[in-house]
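Data first, discussion second: the structure below is written as structure tokens.
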């Protein structure tokens with residue numbers, strides 16, 4: 001049984017995240033928790049109406065929208081009778097609301113839609129998604145607005161081999177690989193020729209051993225710009241999913257929060273699985 005939390009603001013973007021999640025786990029037993037977070041209504045919003053009446057009307061509308069989303073998901077996205085949907089409305093901050101549900105519902109995965117735009121600057125993920133993956137310690141799948149579900153036969157795993165890996169952290173990748181018979185492409189990108197230190201070499205050996213029973217390969221690329229290298233790699237290998245470890249700070253910050261050139265498009269189409 002997987003417990004999956006999907007925040008929604010009722011946009012097409014967040015609906016696409018639900019669609020993607022349901023398809024990715026189409027054969028699994030899942031509880032999908034659809035969460036909407038609405039800030040507390042200020043007294044000034046009530047105008048001529050009674051404040052409590054305004055709150056009740058808004059709550060009724062939110063509950064109706066949540067119910068409509070669940071009905072649409074059941075009708076259009078899944079035929080699996082073992083997919084169960086639950087709705088949650090919360091008036092706390094987004095981060096607090098998500099943290100609370102992660103604990104209460106034993107959430108395995110958060111799935112968030114993103115437009116990949118922060119202010120006027122193109123970035124891999126938007127503000128809300130960025131806050132969740134940095135402030136909530138839970139595996140998070142980021143689904144770009146233009147992402148369409150395809151079986152993830154190729155999974156890219158950018159890493160600098162500088163951190164210690166463990167079975168618990170890597171397990172979500174293994175589950176997807178086993179489910180879809182995917183191949184994992186471990187990718188290192190540097191601006192100059194790589195010279196591995198002893199720690200990096202040990203970590204590579206660990207990954208070699210861990211993925212020994214699955215299709216995998218290591219790629220060492222030299223490129224001035226990491227985002228361009230990833231773009232070329234994603235296209236050439238027909239990558240369907242990018243995964244990375246949150247504690248791999250060097251790659252994590254650069255790939256997810258670095259301003260991107262207009263010609264870079266992978267972050268608009270390819271989902272990111274961030275592991276904690």
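Provide 194, 245 in ascending order of the number of other Cβ atoms located within 10 Å of each residue's Cβ, fewest first. Mind dumping the intermediate values first?
Values: 194 14, 245 19.
So the residues, fewest neighbours to most, are 194, 245.
Sorting 59, 115 by the number of Cβ atoms found within 10 Å of their own Cβ, with the fewest placed first, yields 59, 115. The calculated FRET efficiency for the pair residue 225 and residue 247, based on their C-beta separation and a Förster distance of 35 Å, comes to about 0.90.
Per the helix-only calculation at 222 nm, which mean residue ellipticity applies to the chain, given -39500 (n - 2.57) for every DSSP H run of n ≥ 4 and division by its residues, nearest 500 deg cm²/dmol? After summing the helix terms and dividing by residue count, I get -12000 deg cm²/dmol. Taking other C-beta atoms within 10 Å as the exposure proxy, 78, 60 rank 60, 78 from fewest upward.
The angle between the Cα long axis of helix 167-180 and the longest principal axis of the Cα atoms of the chain comes to about 90 degrees, rounded to the nearest 10. Just to confirm my numbers, what's the Cα centroid distance between the stretch 160-219 and the stretch 1-28 in Å? So the two Cα centres are separated by 27 Å. Highest average first, the peptides 90-98, 126-134 ordered by how many other beta carbon atoms sit within 10 Å of their residues are 126-134, 90-98. Once you sort the root eigenvalues of the Cα gyration tensor of the stretch 154-269 as a ≥ b ≥ c, which label holds: rounded (a/c under 1.5), prolate (a/b larger than b/c) or oblate (the other case)? Because a/c hits 1.5 or more and a/b fails to exceed b/c, the stretch 154-269 counts as oblate.
Using Cα-Cα distances under 8 Å and only pairs 6 or more residues apart, what relative contact order does the stretch 154-269 have, in percent?
Over the stretch 154-269, the number comes to 37 percent.
With contacts taken as Cα pairs under 8 Å at a separation of at least 6 residues, the chain carries a relative contact order of 21 percent.
Since every read-out is calculated from the coordinates, none of them should be taken as a lab result. All values derive from a computational prediction rather than experimental measurement. Ideal geometry is used to build each Cβ from the backbone, glycine not excepted, and the neighbour counts take in all protein chains shown.
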